[in-house]
Amino acid sequence: GDSVTQMEGPVTLSEEAFLTINCTYTATGYPSLFWYVQYPGEGLQLLLKATKADDKGSNKGFEATYRKETTSFHLEKGSVQVSDSAVYFCALRDNDYKLSFGAGTTVTVRA
Amino acid sequence: GAGVSQSPSNKVTEKGKDVELRCDPISGHTALYWYRQSLGQGLEFLIYFQGNSAPDKSGLPSDRFSAERTGGSVSTLTIQRTQQEDSAVYLCASSPLAGETQYFGPGTRLLVL
C-alpha cells in the first residue's frame, strides 16, 4: 500500500539556518505529493504541492521537488525564521482521494 | 471565505459514553473527509463522502465508529461506547471535488477518561 516516510524530529535550528526535511514515498500509481504544516494551536494548512514528476512546489520560501527516480519530495528553506516553528507533514494522494501522511517532523527555530 | 469548522473544539468524556463530533465543510465543497491524529498512529484516514455517493468507510477502526453527512453538507462522526484508545484529534477536511486539494478544519480534541 501507499506509505510516506519522513525524517524524524525534533529538529532545532537557529534563525537564518538552512532547513531540510527528508520525505520518501511508496505508491502503486503516480501520486500527487504535498507538504502540510501545523502551527502551534492551529489546524493543518497546505504548504505546497506537486502533481507530477519534476514539478517544484513553492510557498513562503519553502520548496520541494517531486523526484520520481528517488521517490522523494524533500522540503527545503534557505533561511528559517522563528515563525516557521511548526510540525511539518509530508503526504501523498494516489489514484484515489485519500491522503497518506508521514509521521510529522517538529521544527523549532530559536532566535 | 469561511474555512472548515468543527465543533466542539475539545471534548472530555468518560469511557463507555457516546460522542458526536461535527464538521461544517467549506460551502460548495462536495467532498468531505475525516481523519484521526493520534500519538501512536499519526494521521490516518477514517471516512470519505462525495456528493450523494455511498461513503468510503474503509478507514473506520471499528463498528463503534460511524458517520453521516446530511444534505451533502454538514457531517457528524459518532463514536459509541468510547474507549481510552479513541483519545485523539479528529480532523475534518473538504475539497471542491474528489481528488482536489483538501482543506482542513481545526480539529476536535477528544479525551476519553
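The values are calculated or read from the model by the stated rules, or taken from the named source; none is laboratory data. None of these values were measured; they are calculated from a predicted model. Virtual Cβ from ideal backbone geometry, glycine too; neighbours counted across all protein chains shown.
Brief remarks on what is shown
- Test result for residue B:9, more than 22 Å from residue A:47 (Cα to Cα) and exposed (fewer than 14 other Cβ atoms within 10 Å of the Cβ): yes
- Any hit, segment B:46-61, residues being under 23 Å from residue B:10 (Cβ atoms) and away from chain A (no Cβ under 12 Å): yes
- Within segment A:47-54, not a single residue is surrounded by 14 or more Cβ atoms within 10 Å (Cβ to Cβ), touching a His at 6+ places or on another chain (Cβ under 9 Å) and in contact (Cβ under 8 Å) with a residue 40 or more places away in the chain.
- Considering (1) touching a Gly at 6+ places or on another chain (Cβ under 7 Å); (2) acidic (Asp, Glu); (3) away from chain B (no Cβ under 14 Å), the lone condition that residue A:94 does not fulfil carries the number (3).
- Checked against (1) touching a Phe, Trp or Tyr at 6+ places or on another chain (Cβ under 8 Å); (2) within 14 Å of another protein chain (Cβ to nearest Cβ); (3) surrounded by 13 or more Cβ atoms within 10 Å (Cβ to Cβ), residue A:3 passes all but condition (3).
- Test: residue in segment A:92-99 that is acidic (Asp, Glu) and either at pLDDT 95 or above or in contact with a Leu (Cβ under 8 Å, 6 or more places away or on another chain) (or both): no
- Filtered residue count, segment A:97-111, keeping only those that are surrounded by fewer than 21 Cβ atoms within 10 Å (Cβ to Cβ), of a type in the set (S, T, N, Q) and either over 14 Å from residue A:13 (Cβ atoms) or facing chain B (nearest Cβ under 8 Å) (or both): 0
- Criterion: in a loop (DSSP other than H, G, I, E, B), among the aliphatic types (A, V, I, L, M), within 14 Å of chain A (Cβ to nearest Cβ) and closer than 16 Å to residue A:96 by Cβ - qualifying residue of B:97, B:32: B:97
- Residue A:25 being farther than 16 Å from residue B:101 by Cα and either in contact with a His (Cβ under 9 Å, 6 or more places away or on another chain) or within 12 Å of chain B (Cβ to nearest Cβ) (or both): no
- Residue list for segment B:51-84, filter: surrounded by fewer than 19 Cβ atoms within 10 Å (Cβ to Cβ), outside any strand (DSSP E or B) and in contact (Cβ under 8 Å) with a residue 40 or more places away in the chain: B:72, B:73, B:74, B:80, B:81, B:83, B:84
- Among the numbered conditions (1) within 20 Å of residue A:104 (Cβ to Cβ); (2) touching a residue at least 60 places away in the same chain (Cβ under 8 Å); (3) exposed (fewer than 15 other Cβ atoms within 10 Å of the Cβ), the only one that residue B:40 does not meet is (2).
- Single match in A:80, A:87, A:11 (criterion: within 11 Å of another protein chain (Cβ to nearest Cβ) and in contact (Cβ under 8 Å) with a residue 40 or more places away in the chain): A:87
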